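Notes follow once the structure below has been shown.
The values are calculated or read from the model by the stated rules, or taken from the named source; none is laboratory data. Since we're looking at a predicted model, the values are computed, not measured. Reconstructed Cβ throughout: ideal geometry from the backbone, glycine too, with neighbour counts over all protein chains shown.
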Amino acid sequence: MIPVRATFEKRRRAKYISHLDLMRCMQRAFKRAGVPIWYTEGFNPHAYLMFPLALSLGCESGCECMDFRIDGEMSMQEAMERLNRVLPPDLQILSVADPVHKHTDITAADYAVTIDCAEDTAAEALRQSWDTFFAQPEILVEKKTKRGTAQVDLKSQAQLLGADTLENAVRLHLRMPAGTSVNVNPSLLTDAFLAWLPENAADVHTGMIHAERLAILCADGSDFV
């Protein structure tokens, strides 16, 4: 039995596939590809597929992970090639390797979030508004939890690694808590910014928001993958 950690991309149309549908898609892909994977034991055996960190709906990524075990005579490379032949083009496996870290080692994730401007000349004004918003001592929002809702301070949790003013957009580089203990979606921060804008910068209007996960990180700063 060979343990495998596959790194895959989830882009373009695939970013609208929910995590539950992603799991179903992968299960069907293994069957269609004829890759012999290990099934759990017990009254309801099912294919062992583990995704260490679910990706939010609408977010793209090139660093998603899926763990499985080959239960037969097949190499990791052949398994990847077979799977890619049956997976959609927006959902492709990029590499396969032995798992090094445990999923409990995950503590953070890096994102690039691009906020488009509704007007062609508004990028600088949007950047200034963002700087004012993020300079607040607290950014309090309501976050859904398993026990209901809780108020969290995003300023103490989100790290701004950089902000770039583009021709018609502002791109933010964020590091957010992630993993089994704390997991914060970057959309919480951007939603709070959009809610703050009308009262504090009424003349700045935004357009589409594009988010991409760039890396999944362990406590020592190393890549999980």
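Under 7 Å between Cβ atoms, at least 6 apart or on separate chains: pull out the pairs that start in segment 102-127 with a residue that is closer than 21 Å to G221 by Cβ and end on any residue that is part of a loop (DSSP other than H, G, I, E, B) and aromatic (F, W, Y).
D105/F224; I106/F224
If the Cβ limit is 9 Å and pairs must be 6+ apart or interchain, which residue in segment 49-60 that is more than 13 Å from A178 (Cβ to Cβ) pairs with which residue that is loosely packed, with under 14 Cβ neighbours inside 10 Å and of a type in the set (D, E, K, R)?
Note: pairs meeting the criteria are E60/R12.
Going through segment 88-130 one residue at a time, which ones are touching a helix residue (DSSP H, G or I) at 6+ places or on another chain (Cβ under 8 Å), closer than 19 Å to E199 by Cα and of a type in the set (S, T, N, Q)?
Residues of segment 88-130 touching a helix residue (DSSP H, G or I) at 6+ places or on another chain (Cβ under 8 Å): 88, 90-93, 95-97, 111, 113, 115, 117, 129-130.
When the remaining residues are screened for being closer than 19 Å to E199 by Cα, the result is 115, 117, 129-130.
Within segment 88-130, just S129 meets the criteria.
Criterion first (closer than 18 Å to L55 by Cα and in contact with a Pro (Cβ under 7 Å, 6 or more places away or on another chain)) does I106 satisfy it? Lay out the reasoning, then the answer.
On the way: closer than 18 Å to L55 by Cα: yes; in contact with a Pro (Cβ under 7 Å, 6 or more places away or on another chain): yes.
Judged against the criteria, I106 is a match.
Of all residues in segment 102-119, which are assigned to a loop (DSSP other than H, G, I, E, B) and surrounded by 13 or more Cβ atoms within 10 Å (Cβ to Cβ)?
First, the residues of segment 102-119 that are assigned to a loop (DSSP other than H, G, I, E, B): 102, 118-119.
Answer for segment 102-119, where residues must be assigned to a loop (DSSP other than H, G, I, E, B) and surrounded by 13 or more Cβ atoms within 10 Å (Cβ to Cβ): just E119.
Pick from R147, R85: which is exposed (fewer than 14 other Cβ atoms within 10 Å of the Cβ), basic (K, R) and at pLDDT 95 or above?
Working: R147 fails: at pLDDT 95 or above.
Every option except R85 fails the conditions.
Could you check segment 173-190 and list, in sequence order, the residues that are in contact with a Phe, Trp or Tyr (Cβ under 7 Å, 6 or more places away or on another chain) and farther than 13 Å from K155 by Cβ?
If we filter segment 173-190 for residues that are in contact with a Phe, Trp or Tyr (Cβ under 7 Å, 6 or more places away or on another chain), which is where we start, we get 174, 176, 186.
Selection gives P186 alone.
P99 fails exactly one of the following numbered conditions: (1) part of a strand (DSSP E or B); (2) in contact with an Asp or Glu (Cβ under 8 Å, 6 or more places away or on another chain). What is the number of that condition?
Unmet for P99, out of (1) part of a strand (DSSP E or B); (2) in contact with an Asp or Glu (Cβ under 8 Å, 6 or more places away or on another chain): (1).
Taking the conditions exactly as written (surrounded by 16 or more Cβ atoms within 10 Å (Cβ to Cβ) and without any contact (Cβ under 8 Å) to a residue 40 or more places away in the chain), does V152 satisfy them or not? I'd like the intermediate steps shown before the answer.
Working: surrounded by 16 or more Cβ atoms within 10 Å (Cβ to Cβ): yes; without any contact (Cβ under 8 Å) to a residue 40 or more places away in the chain: yes.
Yes; evaluated as a whole, the condition is true for this residue.
Would it be correct to say that L55 is assigned to a loop (DSSP other than H, G, I, E, B) and surrounded by 17 or more Cβ atoms within 10 Å (Cβ to Cβ)?
Numbers: assigned to a loop (DSSP other than H, G, I, E, B): yes; surrounded by 17 or more Cβ atoms within 10 Å (Cβ to Cβ): yes.
Judged against the criteria, L55 is a match.
Go through the residues of segment 163-184 one by one and say whether even a single one is out of contact with any strand residue (DSSP E or B) (no Cβ under 6 Å at 6 or more places or on another chain), under 18 Å from I115 (Cβ atoms) and of a type in the set (S, T, Y).
Taking every residue of segment 163-184 in turn, at least one turns out to be out of contact with any strand residue (DSSP E or B) (no Cβ under 6 Å at 6 or more places or on another chain), under 18 Å from I115 (Cβ atoms) and of a type in the set (S, T, Y).
Would you check which residues across segment 131-144 are modelled with pLDDT of 95 or more and closer than 15 Å to F193 by Cβ and list them? Spell out the reasoning first.
As a first pass, look at segment 131-144 and keep what is modelled with pLDDT of 95 or more: 131-139.
Within segment 131-144, D131, T132, F133, F134, A135, Q136, E138, I139 meet the criteria.
I'm checking my understanding of the structure. Among residues of segment 2-36 that are touching a strand residue (DSSP E or B) at 6+ places or on another chain (Cβ under 8 Å) and of a type in the set (D, E, K, R), which one is surrounded by the fewest Cβ atoms within 10 Å (Cβ to Cβ)?
To start, the set of residues in segment 2-36 that are touching a strand residue (DSSP E or B) at 6+ places or on another chain (Cβ under 8 Å) comprises 2-12, 14-15, 17, 22, 25-27, 30, 35-36.
Okay, now just the ones that are also of a type in the set (D, E, K, R), so 5, 9-12, 15.
Details: R5: 20, E9: 16, K10: 22, R11: 15, R12: 12, K15: 19.
The selected residue is R12.
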